[in-house]
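Each remark here refers to the structure printed beneath this line.
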Amino acid sequence: MSSRAQGAAGSELDRVFAVVARYFSLLSEPTRLKILHTICQDERSVSAIVTATGATQTNVSRHLTLMHQAGVVSRRRAGNIVYYRVDDPEFVEICRSVCVQIASRIDEQKPLKRDLLQFAGSH
């Protein structure tokens with residue numbers, strides 16, 4: 001392959017890697033993981049997500065907007081109530097797989113492992 005072709009391929013890969021990095025960055029915030037856990041099986045209103053996560057409505061809304069822009073969740077409005085649901089089941093599977101891997105490295109007697117495995121098993 002010529003250096004010009006390698007440069008074009010590298011440029012294309014750079015764009016792909018940038019998009020993948022943004023996608024995975026969604027997993028880097030605990031509140032987003034809590035939100036994902038809350039809506040992974042059922043559609044929920046913003047107020048229900050706030051209650052389930054213990055986060056403020058402002059914080060939850062900010063994270064939901066990021067996940068919506070990334071295509072991970074979808075939303076619908078019913079009057080004044082906005083509902084969110086997971087729109088990318090592969091994202092939930094990635095999250096579940098990571099939780100299982102981390103839990104497998106934690107001492108079985110620790111509550112964190114139990115909580116992670118419970119989270120992974122419920123999805």
The residue from 87, 42 that alone is surrounded by 11 or more Cβ atoms within 10 Å (Cβ to Cβ), under 27 Å from residue 118 (Cα atoms), touching a residue at least 12 places away in the same chain (Cβ under 8 Å) and acidic (Asp, Glu) is 87
Would you kindly identify the helices (runs of 4 or more DSSP H) lying entirely within region 46-110 that contain at least 2 residues that are at pLDDT below 85? 89-104
Let me spell it out: the conditions are (1) in contact with a helix residue (DSSP H, G or I) (Cβ under 7 Å, 6 or more places away or on another chain); (2) assigned to a helix (DSSP H, G or I), and residue 11 meets all of them except one. Which number is the exception? (1)
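The values are calculated or read from the model by the stated rules, or taken from the named source; none is laboratory data. This one's a predicted model, so the numbers in the text were calculated from it and none came from an experiment. Cβ coordinates were reconstructed from backbone atoms using ideal geometry, including for glycine residues, and neighbour counts include every protein chain displayed.
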